[in-house]
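Please read the structure below before turning to the comments.
The values are calculated or read from the model by the stated rules, or taken from the named source; none is laboratory data. No experiment lies behind these values; they were computed from the predicted model shown. Cβ placement follows ideal geometry from the backbone for every residue including glycine, while neighbour counts extend to all protein chains displayed. Surface accessibility is based on the protein's heavy atoms, side chains included, excluding ligands, DNA and RNA. Shrake-Rupley method; radii C 1.70, N 1.55, O 1.52, S 1.80 Å.
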Amino acid sequence: MKTSSASDAKRVGVIVPILSDNDIAYEIIDDSSICRFLVEHDMPGAEYISLNIPYDPDVSEGYFTYYERMSNENTLSAAAYEISKKKCNSIAYACTSGSFFRGLEYAQHQVDVLSKSAAVPATNTSMAFLAALDVLGAKKVDVVLPYAPEIGRWFASFLSEVGVSVGTLWHMKPTESGSFFEMDCEAELAEFVASRPSSNDPILIPCTELSSLRRMELFERVSGRPVLAANQVTVWHALTLAGVTPNISDSGSFFRSYAQAADETSTLPLRSTVRD
């Protein structure tokens, strides 16, 4: 295993919106688990830290207002400045719907706000998905998602702005508790691919409440297709913006594709904003 000196260490800071009364150990806020994942995959010099921003919006006001409250620009700016004190080399806003709900221009603006506030490269989950699709060269995808149909259509519209078309939006069945965290992604993927003609198009699974880092190989065995998931692309993009090149062979085909592409070129598309 490679070793790194303290001066070589790279730190990614991830901002996560969390309900004030949350008691679920979401993967994306489990810093120790993600740090172990990095060490296990030959990145001992990389460190992951998250900052929770609690919120209590009322979804009865409508989805758009809900996301505006959850992703308030002033709140994100303050959070980016706060986490920058941890000497992060990059930061990310780990929320898919809270970054695509107003379209591509706003998603880019949100990244710009984060980067300006923290004075380091920044991303959000939606832009991380686009960066990953750039690496794959994918222009058509299917989406398996936990959101309501209206929100799913917003995501498809967001992707269309960069020329990525969506074949099918597959909405996961709600759980008894209503928690996305408890959704059975493997079962949904199996049901989805069984109902559709064979395809090699990537499947996107948005939503950072769904665990994915240690499930990517299983997702792809079940579906028989490349899969991109929210936490996977968020962590990956934050790492690359921090100057780390993940070379992971056992956590899904995307990581393998990126490692191969990184060996061939040093100018991979990252869709980042950097402020000095």
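A few remarks follow.
- Extreme residue, least open to solvent (accessible area, probe 1.4 Å), among residues of the range 71-94 that are closer than 12 Å to ILE15 by Cα and free of Cβ contacts under 8 Å to residues at least 60 places away in the same chain: SER71
- Pairs where the first residue, in the range 149-161, is open to solvent by 10 Å² or more (accessible area, probe 1.4 Å) and the second is hydroxyl-bearing (Ser, Thr, Tyr), C-beta under 9 Å, 6+ apart: GLU150/TYR63; TRP154/TYR63; TRP154/SER97; TRP154/TYR147; ALA156/SER165
Yes/no per residue for (1) within 27 Å of ARG36 (Cβ to Cβ); (2) of a type outside the set (A, V, I, L, M):
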{"residue": "ALA46", "(1), (2)": "yes, no"}
{"residue": "SER60", "(1), (2)": "no, yes"}
{"residue": "TYR63", "(1), (2)": "no, yes"}
{"residue": "CYS88", "(1), (2)": "yes, yes"}
{"residue": "TYR93", "(1), (2)": "yes, yes"}
{"residue": "LEU104", "(1), (2)": "no, no"}
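- For the range 11-45, the set of residues classified as assigned to a strand (DSSP E or B), closer than 15 Å to ALA242 by Cα and open to solvent by 40 Å² or more (accessible area, probe 1.4 Å) consists of ARG11 only.
- Qualifying residue in the range 166-183 (condition: surrounded by 23 or more Cβ atoms within 10 Å (Cβ to Cβ), in contact (Cβ under 8 Å) with a residue 60 or more places away in the chain and among the small types (Gly, Ala, Ser)): no
- Among the residues of the range 228-243, those identified as crowded, with 21+ Cβ neighbours inside 10 Å and either among the hydroxyl-bearing types (Ser, Thr, Tyr) or outside any helix (DSSP H, G or I) (or both) are LEU228, ALA229, THR234, THR240, ALA242.
- Checked against (1) surrounded by fewer than 16 Cβ atoms within 10 Å (Cβ to Cβ); (2) touching a strand residue (DSSP E or B) at 6+ places or on another chain (Cβ under 7 Å), TYR48 passes all but condition (1).
- Test set (1) in contact with a helix residue (DSSP H, G or I) (Cβ under 9 Å, 6 or more places away or on another chain); (2) within 24 Å of LEU213 (Cβ to Cβ); (3) open to solvent by 30 Å² or more (accessible area, probe 1.4 Å); (4) touching a residue at least 60 places away in the same chain (Cβ under 8 Å) - SER97 fails condition number: (3)
- If you check PRO246, PRO197 for being in a loop (DSSP other than H, G, I, E, B) and closer than 26 Å to ASP8 by Cα, only one passes: PRO246.
- Odd one out for ASP142, checked against (1) within 21 Å of PRO197 (Cβ to Cβ); (2) open to solvent by less than 10 Å² (accessible area, probe 1.4 Å): (2)
- Residues that are open to solvent by less than 40 Å² (accessible area, probe 1.4 Å), farther than 11 Å from ASP142 by Cβ and either not in a helix (DSSP H, G or I) or not basic (Lys, Arg) (or both) occur at least once in the range 218-227.
- Selection status of ASP8, within 20 Å of LEU210 (Cα to Cα) and either at pLDDT 95 or above or surrounded by fewer than 16 Cβ atoms within 10 Å (Cβ to Cβ) (or both): no
- The single condition among (1) touching a residue at least 60 places away in the same chain (Cβ under 8 Å); (2) of a type outside the set (Val, Ile, Thr); (3) touching a Phe, Trp or Tyr at 6+ places or on another chain (Cβ under 9 Å) that GLY103 does not meet is (1).
- Checking each residue of the range 185-195 against the condition of being more than 17 Å from the chain's Cα centre (by Cα), modelled with pLDDT under 95 and polar (S, T, N, Q) gives at least one match.
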